[in-house]
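Heads up, the thing below is written out as structure tokens.
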Amino acid sequence: MQETDLATSWRVELADEAATDTLAQSIATWIKAGDLLTLSGDLGAGKTTFARTLIRALTGDPELEVPSPTFTLMQIYETAAFPIVHADLYRIKSPDELVGLGWDEAAEGALVLVEWPERASTSLKADRLDIAFHIESGSEAQHRVATLTGTGSFAPRLAQAKGTTMLLARAGWSDSERLFMQGDASTRHYERLVKADGTQCILMSSPPRPDGPVVRHGKPYSGVARLAETIKPFIAIDQGLRERGFSAPEILAYDLEAGLALLEDLGPHTFFDMQSVDMERYGEATALLARLHGMDLPASIAISPELSYTIPPYDAEALMIEIELLLDWYAPHAAKVMLTSGPKASFINLWRHTLNEIIVAPPTWTLRDYHSPNLIWLPAREGVARVGVIDFQDCVLGHKAYDVVSLLQDARMSVPDDVELKLLGHYARLRREADPNFDMANFARAYAILGAQRATKILGIFARLDKRDRKPQYLAHLPRIQSYLAKSLTHPALADLKAWYEANLPQAISRIA
């Protein structure tokens with residue numbers, strides 16, 4: 001099916017003019033440059049009211065004059081982010097007249113808002129949001145109905161907006177103020193919702209991940225790497241952690257199909273905000289992992305009596321496709337090294353051999369993103385409950401050392417070597433207290449292997465974020481990751497891999513001075 005064949009519809013009852021204003025203000029929060037909004041329907045049904053409120057919301061000027069462009073045909077407004085083209089095509093007799101208006105030039109990079117779009121026939125792109133206003137016979141004088149139809153790329157976006165509105169209404173948060181929060185490197189985004197009485201929660205939007213191109217075994221990258229493709233894993237792991245006494249956010253409401261959840265607001269105080277390692281906080285974060293790793297954890301979690309989630313394994317294919325990001329992205333784009341097929345094959349074979357012992361080890365819940373931006377300090381709680389955990393939807397069944405590496409070789413904040421050793425010792429003592437047979441030497445070996453695997457992967461991810469996703473800010477962390485990789489490769493278990501990096505990609509193991 002072509003993207004433009006997709007469509008989503010949503011019927012919205014508008015009891016009065018204030019309801020039309022509310023609809024416009026809501027849509028203003030998620031439309032962007034390049035979008036086409038078409039307004040159709042009955043005369044006097046609310047098109048002008050909607051357009052005026054939308055433009056005022058986007059310009060941030062509640063008193064802005066927004067005259068109807070019936071006679072000028074086209075009116076342009078400037079906002080801080082993009083221009084708005086407001087057009088009324090009632091008076092044009094042929095779509096060809098748009099050329100004379102300079103339509104293409106005005107619309108480029110703008111939000112385009114069109115009344116009477118049917119006069120333009122097929123000259124307007126099919127990828128759009130149409131809002132049809134109607135007055136229903138027999139209804140109250142001010143009552144209107146708006147039918148929103150999203151086609152092409154607007155179909156999933158409208159579905160998300162519809163799901164959000166319905167979830168907030170169901171959970172009693174419709175009247176809250178919505179404050180957008182800074183996102184992360186993923187496709188998820190977050191809003192902080194604040195009620196009039198000051199009560200807060202977090203709205204997480206994590207729509208189903210669309211399938212990417214097939215890369216291996218008929219699967220896209222996300223499928224091979226065992227990345228969450230829906231919000232279901234988050235709901236399950238959150239529930240599993242809370243049932244065991246850990247401070248994951250309470251889930252107030254959720255919509256699995258739309259990928260939405262209302263979460264307890266654990267607050268803004270992430271470990272990353274400290275910009276340095278606080279031993280009390282990191283000690284508790286390390287203790288949390290020791291406690292988790294001492295538990296007998298199930299591979300499947302019941303979300304409800306009718307629904308369960310099975311945690312996928314962190315298997316060889318997942319570990320390897322992450323490692324190969326170094327070859328695909330870091331080497332050619334960050335290091336400017338074009339590796340030939342021989343060194344690439346050697347790299348893959350060495351890593352497959354090295355990871356064998358990791359794959360066969362007894363697994364645990366590997367949260368996978370257990371590091372400073374995703375840990376929140378909760379001083380009013382006690383013990384390990386003081387560590388709030390907020391990012392775990394990519395949880396897999398993997399080696400116990402992985403999350404310890406994630407914490408103590410933080411990609412975004414440097415952990416001094418002596419502090420890393422102290423915290424590793426703290427973890428070992430806690431594990432040994434719970435299990436006298438805990439083998440620290442074997443754990444240290446796995447820690448080094450997974451430290452090298454994770455650093456290799458992150459070098460590739462950050463290079464990809466720069467080159468593909470236009471997020472160059474992640475390049476600032478490369479020296480730190482390279483330093484971690486160099487340190488991990490000093491373990492005897494990685495001698496052959498160390499030789500490969502030295503011979504083929506020495507840039508990847510240059511340590512911070």
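Within the stretch 330-379, the set of residues being part of a helix (DSSP H, G or I) and either within 30 Å of GLY245 (Cα to Cα) or among the polar types (S, T, N, Q) (or both) comprises SER341, SER346, ASN349, THR354, ASN356, ILE358, ILE359, VAL360, SER372, PRO373, ASN374.
Among the residues of the stretch 385-430, write down those that are assigned to a helix (DSSP H, G or I), of a type in the set (Val, Ile, Thr) and surrounded by fewer than 24 Cβ atoms within 10 Å (Cβ to Cβ).
We begin by selecting, within the stretch 385-430, every residue assigned to a helix (DSSP H, G or I); these are 385-386, 401-408, 417-430.
Checking the rest, the ones that are also of a type in the set (Val, Ile, Thr) come to 404-405, 419.
Result: VAL419, single match.
Please go through the stretch 475-497 and pick out each residue that is out of contact with any helix residue (DSSP H, G or I) (no Cβ under 8 Å at 6 or more places or on another chain) and closer than 19 Å to SER346 by Cα. Full working, then the answer.
Going residue by residue through the stretch 475-497, those that are out of contact with any helix residue (DSSP H, G or I) (no Cβ under 8 Å at 6 or more places or on another chain) are 476, 479-480, 483, 492, 495.
Correct list: PRO492, ALA495.
Quick check: anything in the stretch 308-316 assigned by TED's automatic domain parsing to the domain that holds PRO362, free of Cβ contacts under 8 Å to residues at least 24 places away in the same chain and closer than 20 Å to ARG244 by Cα? Taking every residue of the stretch 308-316 in turn, at least one turns out to be assigned by TED's automatic domain parsing to the domain that holds PRO362, free of Cβ contacts under 8 Å to residues at least 24 places away in the same chain and closer than 20 Å to ARG244 by Cα.
Can you name the residue in the stretch 238-262 that is over 24 Å from MET413 (Cβ atoms) and of a type in the set (A, V, I, L, M, F, W, C) and is also modelled with the lowest pLDDT among such residues? Per the stated criteria, the residue is ALA258. Taken over the stretch 282-333, the criterion of being β-branched (Val, Ile, Thr) and touching a His at 6+ places or on another chain (Cβ under 8 Å) is satisfied by THR286 alone. Do we have ASP466 as exposed (fewer than 15 other Cβ atoms within 10 Å of the Cβ) and either over 18 Å from HIS353 (Cα atoms) or not hydrophobic (A, V, I, L, M, F, W, C) (or both) here? It is false that ASP466 is exposed (fewer than 15 other Cβ atoms within 10 Å of the Cβ) and either over 18 Å from HIS353 (Cα atoms) or not hydrophobic (A, V, I, L, M, F, W, C) (or both). Of note, THR79 satisfies the criterion of being surrounded by fewer than 18 Cβ atoms within 10 Å (Cβ to Cβ) and either at pLDDT 85 or above or touching a Cys at 6+ places or on another chain (Cβ under 8 Å) (or both).
Does ILE359 qualify as being among the aliphatic types (A, V, I, L, M), under 30 Å from ILE231 (Cβ atoms) and crowded, with 16+ Cβ neighbours inside 10 Å? Yes, satisfied. Selection of the stretch 268-282 for residues being in contact with a helix residue (DSSP H, G or I) (Cβ under 8 Å, 6 or more places away or on another chain) and either at pLDDT 85 or above or farther than 15 Å from ARG412 by Cα (or both) yields THR270, PHE271, PHE272, VAL277, ASP278, MET279, ARG281, TYR282. GLU382 meets each of the listed conditions (1) crowded, with 19+ Cβ neighbours inside 10 Å; (2) among the charged types (D, E, K, R); (3) within 17 Å of GLU280 (Cα to Cα) apart from (1).
The values are calculated or read from the model by the stated rules, or taken from the named source; none is laboratory data. The structure displayed is predicted, hence computed values, not measured ones. Note: ideal-geometry Cβ built from the backbone for every residue, glycine included; neighbour counts use all protein chains shown.
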